[in-house]
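Since the structure comes first, as structure tokens, the remarks are kept for the end.
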Amino acid sequence: MESKIKKLLSEMTVEEKIAFCEGGDAWHTAKLDRLGIPGIMMCDGPHGLRKRTKNEKGEMYTVKATCFPPAATMANSWDPELTARVGAAIGEECRAEKVSILLGPGMNIKRSPTCGRNFEYYSEDPYLSGKMAAGFIRGLQEKGVAACAKHFCVNNQETRRFSTSAVVSERALHEIYLPSFETAVKEANVQTVMHSYNRVNGRYAGENKELLTDLLRGEWGFDGYVMSDWNAISSRVAAYKAGCDVEMPPAHGVRTAEVREAYKNGEITQEELDRSVANVLRVILRHLPAAEKETFSPEEHHKAAAKAAEECMVLLKNDGNVLPFAPGRPLAVIGAFAKKPRFQGGGSSHVEPLFVDDITEYLAAENGAEIRFAPGYDEKHETNDSLIAEAVAAARACGRAVVFAGMPDSYETEGRDRRHLRLPPAHDRLIEAVTAACGETAVVLMAGSPNELPWADKAPAILHAYLGGQALGGAVARILFGRVNPSGKLAETHPVRLEDTPAYLNFPGDGDTCFYGEDVYVGYRWYDTRKADVLFPFGHGLSYTKFAYTAIKAEGNTVTVTVKNVGAVAGKETVQLYASARPHPVTSTYLGASAFGFARPAHWLVGFSKTELAPGEEKELVFPLDDRAFSVYDEKLGAFRRIGGEYEISAAASSRDVRLSVTVTVEEDENAVPVVTKNTIFEDLFLDRRYPREVVEKLVTVLFPGTEPQQGGEGLNFDAMRGKNGYVLRQRVTDLGEKLPPQKLDELIAEANGEIRAIYAARAKK
Ligand code: BGC
């Protein structure tokens, strides 16, 4: 492959190479007939193929395709194998349409539940988001279709998305906003990346060499091509030099002229030009469409979409076991969504579905008895006394009811953020009325992100269908009647009120600046550290059976959890593993800070596993833990650093339902050589386990003449240092006067740093 690319590069003229810095048209890469290089097609999705093309009359239309559940829904499955199967099915549809690149998955983090595009993203948690995205990419790419990790990066709002600057700490950037992309590259070898519209700390994401080249290619090993989001380019030359290979869509040659000019004056080098063309050729050659016609079965894919939806719906509440409904009794089916469901979001991801289920038909089939439908609200999502009265009468007459409610299309769409978390008032009013009239009522919600639910206490059962894709009807009916046991768990926290959310004070920002004041405290990291009330926690989801967590053990880097189905029916449980740092014995425990210098969230997700269990069955689940589970991004070091100490590893059914814990001890990161400066705090010399004890003792003995280190203890164990909390080294110059001139301190510090480096070098050799 690389030799073929080399040969093509040697045969191309500069002008031909420049043509490759933009697309051939809005949906193709550039082509070069002279050398037989075709333009390959890229299309939106990602929860189905959205191919825009022309009909015989030359009019644009969207080819019909299977609409699978969007990412926000898929994430509730906590099953990367499922996203892989869906990715593979979509890959087959791409192949059948000769589409080589699917523009997804979206893997931005849900910083605020009001981001209008959250339905396209997986989670508020970077670990979960990365694993789910990687599954999808693997499945898609195994079919020969390239995926596109988007939008790289820190694209967490739609308001002023083309200009806003996300002002985010390096630590939050690396711990929260980048890891899903890292996983997509390292674990799934994603073939293309789309840079985002927004700026990151003042600079456009597409003009950021540290991100697009140093990190993405240098550290992570990405070898495909980077494209711009559609019409994102501000300065083509700056973007080119930073590592954006292709501008999409092409800008009528305007900016290729800029590249040509920059090449002529030496600003863009031959090497840079070749680099980008090679990146594009690599993807083209790997993803040529098949010459022969390929097909897929729409019926089979509809079934696969239904299966996916079944795995993703979340039973939020089930007081008095209202669900599952027993068949054979009349059932009032209330809410216009039952006939015309909401199953995907709006904007560039909108798929033209092949079929859409009418939920009432599936409910009737499962029930085998009377189904009485009442719309409850009209097409504008408004209601009136007679619609409410009709719904209440139906519920009373049947003795049980299911109400379909949620967010209309206009609430969740690309290009616009939500201003509140409420449902349409008509939906709230309908639910209040029906639950007041009929005790045996289940509410089914259809929405791609959380809502405030003022009636949550009054509705005995709530099933969140999220956005279920075109085959949601059968899935909903089978879950409501217990043919399928629900197993989805929330991939995002559902807050009580908008005001409680982490980014509330800083969303969507002032003008073109959005300050990420909540830092790493995103999602449950925020709610759980603050012990704040939530409506439904991250990871929550009920089942028609019960699971007992019976054992946990840790051996080396592996934690094993035993889980048992102690109920009467088969079901699936997702065991979640969280790590939390034990408070350091000497430093404060404020804000969950576990050691000097780094505040840590109360806990964070480090593993998960979904398993199916028959009644009475017990299984051992094995979780290998890697360094990242115990690391923070150390801004001073510019890298992740494993922090030594004790950690509690908990097996949990949700972030608020910890069942079992085990303590593990982790060694300090040996690669992170610590440095002493005149502004180093004495306390840190003791608490930061990376400072070799002998060096610290020597230094402190000189700086506090006459003291002897005491044995044992971890903190300020020098008598003379009592009461000097927070003292920094340079302050001893004033205290000691002539005995410690500033140059002497500098020499001592240099000596200590030399010794530290020597000790680390010697350890590394071993
Ligand atoms: C969206 C991308 C999409 C592209 C092409 C942009 O506005 O942000 O996600 O892939 O349009 O439709």
Subject >> Failed criterion for PHE222 (all others in (1) in a helix (DSSP H, G or I); (2) modelled with pLDDT of 95 or more; (3) open to solvent by less than 20 Å² (accessible area, probe 1.4 Å); (4) not aliphatic (A, V, I, L, M) hold) >> reply: (1)
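Take the stretch 186-195 and flag every residue that is surrounded by 23 or more Cβ atoms within 10 Å (Cβ to Cβ) and within 21 Å of GLY638 (Cβ to Cβ). Reasoning before the result, please.
Here is the first cut: in the stretch 186-195, the ones surrounded by 23 or more Cβ atoms within 10 Å (Cβ to Cβ) are 188, 190-195.
Passing the criteria: none in range.
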Original post:
Based on what the data block shows, is GLY376 more than 22 Å from ARG117 (Cβ to Cβ) and small (Gly, Ala, Ser)?
Top reply: yes
Original post:
All but one of (1) more than 17 Å from CYS148 (Cα to Cα); (2) within 16 Å of the ligand (Cβ to nearest atom) hold for GLU81; which doesn't?
Top reply: (2)
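Kindly indicate whether any position in the stretch 196-213 is among the hydrophobic types (A, V, I, L, M, F, W, C), touching a Pro at 6+ places or on another chain (Cβ under 8 Å) and open to solvent by 10 Å² or more (accessible area, probe 1.4 Å). Lay out the reasoning, then the answer.
Taking the stretch 196-213 and keeping what is among the hydrophobic types (A, V, I, L, M, F, W, C), we get 200, 205, 211-212.
Applying the additional criterion that residues be touching a Pro at 6+ places or on another chain (Cβ under 8 Å) yields none.
No; the residues of the stretch 196-213 include none that is among the hydrophobic types (A, V, I, L, M, F, W, C), touching a Pro at 6+ places or on another chain (Cβ under 8 Å) and open to solvent by 10 Å² or more (accessible area, probe 1.4 Å).
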Original post:
How many residues are modelled with pLDDT under 95 and either open to solvent by less than 70 Å² (accessible area, probe 1.4 Å) or in a loop (DSSP other than H, G, I, E, B) (or both) when one looks only at the stretch 544-592?
Top reply: 13
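I want to confirm something. Restricting to the stretch 36-51 and keeping residues that are open to solvent by less than 40 Å² (accessible area, probe 1.4 Å) and more than 16 Å from the ligand (Cβ to nearest atom), which single residue is farthest from TYR122 (Cα to Cα)?
Our first condition is that a residue be open to solvent by less than 40 Å² (accessible area, probe 1.4 Å); within the stretch 36-51, this holds for 37, 39-49, 51.
From what's left, more than 16 Å from the ligand (Cβ to nearest atom): 37, 39.
Numbers: ILE37: 36, GLY39: 31 Å.
Applying the filter and picking the extreme gives ILE37.
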**OP:** Kindly indicate whether any position in the stretch 315-329 is buried (at least 22 other Cβ atoms within 10 Å of the Cβ), touching a residue at least 40 places away in the same chain (Cβ under 8 Å) and under 30 Å from SER10 (Cβ atoms).
**Re:** no
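Is it true that some residue in the stretch 247-268 is within 16 Å of the ligand (Cβ to nearest atom), part of a loop (DSSP other than H, G, I, E, B), under 28 Å from THR164 (Cβ atoms) and charged (D, E, K, R)? Don't jump to the end; show me each part of the working.
Step one: filter the stretch 247-268 for residues within 16 Å of the ligand (Cβ to nearest atom), giving 247-251.
Next, from what is left, pick out any that are part of a loop (DSSP other than H, G, I, E, B): 248-251.
After this cut, where a residue has to be under 28 Å from THR164 (Cβ atoms) as well, the list is 248-251.
Remaining after also requiring charged (D, E, K, R): none.
No, the stretch 247-268 has no match at all.
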**OP:** List the number of the failed condition for LEU32; all other conditions in (1) modelled with pLDDT of 95 or more; (2) within 28 Å of HIS151 (Cα to Cα) hold.
**Re:** (2)
Original post:
Which of the residues spanning the stretch 336-361 are more than 22 Å from GLY415 (Cβ to Cβ), open to solvent by 70 Å² or more (accessible area, probe 1.4 Å) and out of contact with any Pro (no Cβ under 9 Å at 6 or more places or on another chain)?
Top reply: LYS340, GLU361
Original post:
Of the residues in the stretch 84-128, how many are without any contact (Cβ under 8 Å) to a residue 60 or more places away in the chain, part of a helix (DSSP H, G or I) and within 16 Å of the ligand (Cβ to nearest atom)?
Top reply: 2
Original post:
Could you say which residue among ALA405, ALA364 is open to solvent by 10 Å² or more (accessible area, probe 1.4 Å), hydrophobic (A, V, I, L, M, F, W, C) and at pLDDT 95 or above?
Top reply: ALA364
Subject >> Residue selected from the stretch 403-418 under the condition of a type outside the set (Phe, Trp, Tyr) and under 12 Å from LEU430 (Cβ atoms), by the criterion farthest from the ligand (Cβ to nearest atom) >> reply: VAL403
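Of a type in the set (A, V, I, L, M), free of Cβ contacts under 8 Å to residues at least 60 places away in the same chain and out of contact with any His (no Cβ under 8 Å at 6 or more places or on another chain): does that describe ALA491? Talk me through it step by step, then tell me what you get.
Working: of a type in the set (A, V, I, L, M): yes; free of Cβ contacts under 8 Å to residues at least 60 places away in the same chain: no; out of contact with any His (no Cβ under 8 Å at 6 or more places or on another chain): yes.
So ALA491 fails the test.
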Original post:
Inside the stretch 52-81, can you point out the residues that are crowded, with 23+ Cβ neighbours inside 10 Å and assigned to a loop (DSSP other than H, G, I, E, B)?
Top reply: THR66, CYS67, PHE68, PRO69, PRO70, TRP78, ASP79
Original post:
Just to be sure, is ALA764 surrounded by fewer than 19 Cβ atoms within 10 Å (Cβ to Cβ) and at pLDDT 80 or above?
Top reply: yes
Original post:
Restricted to the stretch 162-185, and to residues that are out of contact with any Phe, Trp or Tyr (no Cβ under 7 Å at 6 or more places or on another chain), of a type in the set (Gly, Ala, Ser) and within 16 Å of the ligand (Cβ to nearest atom), which residue is most open to solvent (accessible area, probe 1.4 Å)?
Top reply: SER163
**OP:** Specify which of the listed residues (GLU292, GLU271) is part of a helix (DSSP H, G or I), surrounded by fewer than 16 Cβ atoms within 10 Å (Cβ to Cβ) and either within 16 Å of the ligand (Cβ to nearest atom) or free of Cβ contacts under 8 Å to residues at least 12 places away in the same chain (or both).
**Re:** GLU271
Subject >> Test result for ALA629, among the small types (Gly, Ala, Ser) and open to solvent by less than 20 Å² (accessible area, probe 1.4 Å) >> reply: yes
Original post:
Which residues, taken from the stretch 597-648, are farther than 21 Å from VAL662 by Cβ, in contact with a strand residue (DSSP E or B) (Cβ under 8 Å, 6 or more places away or on another chain) and outside any strand (DSSP E or B)?
Top reply: ALA614, PRO615, GLY616, GLU617
**OP:** Return the pairs, sorted by first residue and then second, in which the second residue is within 16 Å of the ligand (Cβ to nearest atom), the first residue lies in the stretch 340-365 and is in a strand (DSSP E or B), the beta carbons are less than 7 Å apart, and the residues are 6+ apart or on different chains.
**Re:** GLY346/GLU412; GLY346/THR413; GLY346/GLU414
**OP:** Can you run down the residue pairs with Cβ atoms below 7 Å, 6 or more apart or on separate chains, where the first is in the stretch 729-747 and touching a residue at least 24 places away in the same chain (Cβ under 8 Å) and the partner is assigned to a loop (DSSP other than H, G, I, E, B) and of a type in the set (A, V, I, L, M)?
**Re:** ARG732/LEU740; LEU745/LEU729
Original post:
Take the residues of the stretch 225-246 that are among the small types (Gly, Ala, Ser) and open to solvent by less than 10 Å² (accessible area, probe 1.4 Å): which is nearest to the ligand (Cβ to nearest atom)?
Top reply: SER228
Original post:
Among the residues of the stretch 361-381, which ones are within 14 Å of GLY482 (Cα to Cα) and hydroxyl-bearing (Ser, Thr, Tyr)?
Top reply: TYR362
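Can you name every residue in the stretch 460-488 that is part of a loop (DSSP other than H, G, I, E, B), open to solvent by less than 10 Å² (accessible area, probe 1.4 Å) and either among the hydrophobic types (A, V, I, L, M, F, W, C) or closer than 19 Å to VAL356 by Cβ (or both)? Show your work before the answer.
Of the stretch 460-488, the ones part of a loop (DSSP other than H, G, I, E, B) are 460, 465-471, 481-488.
This time we only want the ones that are open to solvent by less than 10 Å² (accessible area, probe 1.4 Å), so: 465-471, 486-488.
ALA465, TYR466, LEU467, GLY468, GLY469, GLN470, ALA471, listed by residue number.
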Subject >> Leading residue by the ranking (nearest to the ligand (Cβ to nearest atom)) among those in the stretch 194-219 that are touching a Lys or Arg at 6+ places or on another chain (Cβ under 7 Å) and assigned to a loop (DSSP other than H, G, I, E, B) >> reply: TYR197
Original post:
Regarding ALA147, is this residue under 30 Å from PRO298 (Cα atoms) and within 16 Å of the ligand (Cβ to nearest atom)?
Top reply: yes
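The values are calculated or read from the model by the stated rules, or taken from the named source; none is laboratory data. Note that the coordinates shown come from a computational prediction; the quantities given were computed from them, not determined experimentally. Neighbour counts are summed over all protein chains in view; Cβ atoms, including those assigned to glycine, are modelled from backbone coordinates with ideal geometry. Accessible surface areas use protein heavy atoms only, side chains included; no ligands, DNA or RNA. Shrake-Rupley method; radii C 1.70, N 1.55, O 1.52, S 1.80 Å.
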